[in-house]
Structure formats: C-alpha cells, structure tokens
C-alpha cells in the first residue's frame, strides 16, 4: 500500500518553485516608509507563493509539501517569526492587513496538510496518511506549539479549526503511542550501552 503511495509521491514530481522565507523587522524599522514598503512587497510575494501552493491538485500539493525544501524553510520561518497573538496588536497599522492575509493562507495550508479526506485524497487509508505525516516530520512538537502560539486567539473561532487540525494529526493515536514506545526503547537501549 505504501509502495503505491510513494510511486505517486516522489521528488521528481515537485514543481520548481522557490518559496521565500518570512521575516518581520522590528516595529521601529517598519515605521520607516521605505522599510514598510519593502516588507509589504515581500508579503505580497509570500502571499502569492502560498496561494499558488493551495491551488495545486492533491498530488501536486503533497509532492510540494513533502519534497520541496524551500516550502519547509518557508513554513518554519513563518511559524518561528510570525507575531504571536498577543503581539499582533502591537504591529504598525500599515502591516496588519498584509500580516492578516498571509497568516490566513498559512492557516489554510496547515489545515489542508492536517486533513485526511477519504474522497479527495491520494492516501488509501488514514493509517497511510498518518505514516506520511510522521515519516516526513510534517508536524513535530515544536511546530505544533508554534501553530498554537501564532494562530490561537480566544473567542474568535480559531479554537475549532486548531482542534480539528490536532484531532486529524492524532487520529491514529495507536500509531503515535507505538512510535513513542519504540523510540523510548531505543533511547533506553542506547543509554544502557553507554
């Protein structure tokens, strides 16, 4: 089953694209018109990149997600550097619209990455979907914490989206527990050897 999946998902099917990384200069720099304009232009490029990714077919989307290193760097840079929910109100007014638009697309992308939809999917089962997520480190602990820190805002409906995402990621909790058990056993074995 996984062999068939890896025939569909493969690095040779990645479209050549370079996703730019996210950066947010200090507020004092963004108060300068030239710096603000440069940052807004960068956000427009980033917006177009993520919008392009979301427009891909299921197979194209997953090939980019799994095999495009520039996407991984882009996503990590956003999750590490995007303002946290309590920082958004401190952004200069000229940045808020661009930040909101880009954040929304990243959230939609993360939601798509975390969703197993049996009818519109290339994954033959929820287990194969889980295996792809785990084997390719699409959602590690640090990333999950960053997702919460960046997107969680009380009383605005985001909780339900995050809850659904996390529910999908951990749908096959048995696999997660087996992997943790295996990893724990390997660590204990290596520790005893030393």
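The values are calculated or read from the model by the stated rules, or taken from the named source; none is laboratory data. The structure displayed is predicted, hence computed values, not measured ones. When we count neighbours, we look across all protein chains shown, and the Cβ atoms used for this are built from the backbone with ideal geometry, even at glycine.
Can you say whether residue 27 is at pLDDT below 90 and either closer than 23 Å to residue 135 by Cβ or under 16 Å from the mean Cα position of the chain (by Cα) (or both), as far as the supplied structure shows? No; evaluated as a whole, the condition is false for this residue. Among the residues making up the stretch 113-140, those that are surrounded by 13 or more Cβ atoms within 10 Å (Cβ to Cβ), at pLDDT 80 or above and not in a helix (DSSP H, G or I) are 114, 115, 136, 138, 139. Of all residues in the stretch 17-56, those being assigned to a helix (DSSP H, G or I) and farther than 24 Å from residue 110 by Cβ number 11. Pairs are defined by a Cβ separation below 8 Å, a sequence spacing of at least 6 or placement on different chains, a first member in the stretch 148-177 that is under 18 Å from residue 132 (Cα atoms), and a second member that is in a loop (DSSP other than H, G, I, E, B) and at pLDDT 80 or above; the pairs so defined are 165/114; 165/115; 166/114; 168/114; 168/115; 169/114; 169/139. Is it true that residue 161 is assigned to a helix (DSSP H, G or I) and buried (at least 18 other Cβ atoms within 10 Å of the Cβ)? For residue 161, the condition - assigned to a helix (DSSP H, G or I) and buried (at least 18 other Cβ atoms within 10 Å of the Cβ) - is not met.
Name the single residue that is surrounded by the most Cβ atoms within 10 Å (Cβ to Cβ) among those in the stretch 141-158 being closer than 16 Å to residue 114 by Cα and modelled with pLDDT of 85 or more.
Filtering first and then ranking leaves 151.
Here residue 113 clears all of (1) closer than 15 Å to residue 43 by Cα; (2) within 16 Å of the chain's Cα centre (by Cα) except the condition numbered (1).
In the set (1) touching a residue at least 60 places away in the same chain (Cβ under 8 Å); (2) within 14 Å of the chain's Cα centre (by Cα); (3) part of a helix (DSSP H, G or I), residue 59 fails one condition alone, (2). Within the stretch 71-98, the set of residues being over 16 Å from the mean Cα position of the chain (by Cα), part of a helix (DSSP H, G or I) and buried (at least 16 other Cβ atoms within 10 Å of the Cβ) comprises 88, 95, 98.
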